[in-house]
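What follows draws every value from the coordinates through simple rules; no lab data is involved. Bear in mind the structure is a predicted one, so any value in this text is a computation, not a measurement. Reconstructed Cβ throughout: ideal geometry from the backbone, glycine too, with neighbour counts over all protein chains shown.
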Amino acid sequence: MFANWLLVSVSIGYIGLLFLIAYLGGKYRNKLKTKQQTIIYALSLGVYCTSWGFLGTTAQAANNSFTYISVYLAPILLFVFAWPFIQRIIVNV
């Protein structure tokens, strides 16, 4: 396996890189073109859905039988029935 110092160093470096990207994205937000803003929005939504989907459902599935279904059902219903709402958010970002 990995040495503890290596694992801690890589983890802190990765988190630092994520914070640097978020800082630069916030600092230069006004200079981004609309196309780039749409890509950033799509990527952030993807990160949110995958992290919540993984962390939320594994804990819920371990404790209860069917409570994790809402974590998957809500985004599916949003994308199917509320697509005009999502389009307005993307255009106004």
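At an R0 of 25 angstrom, the distance between the Cβ atoms of Ile69 and Ala42 translates into a FRET efficiency of 0.50. If R0 equals 22 Å, the separation of the Cβ atoms of Asn30 and Ile89 corresponds to a calculated FRET efficiency of about 0.75.
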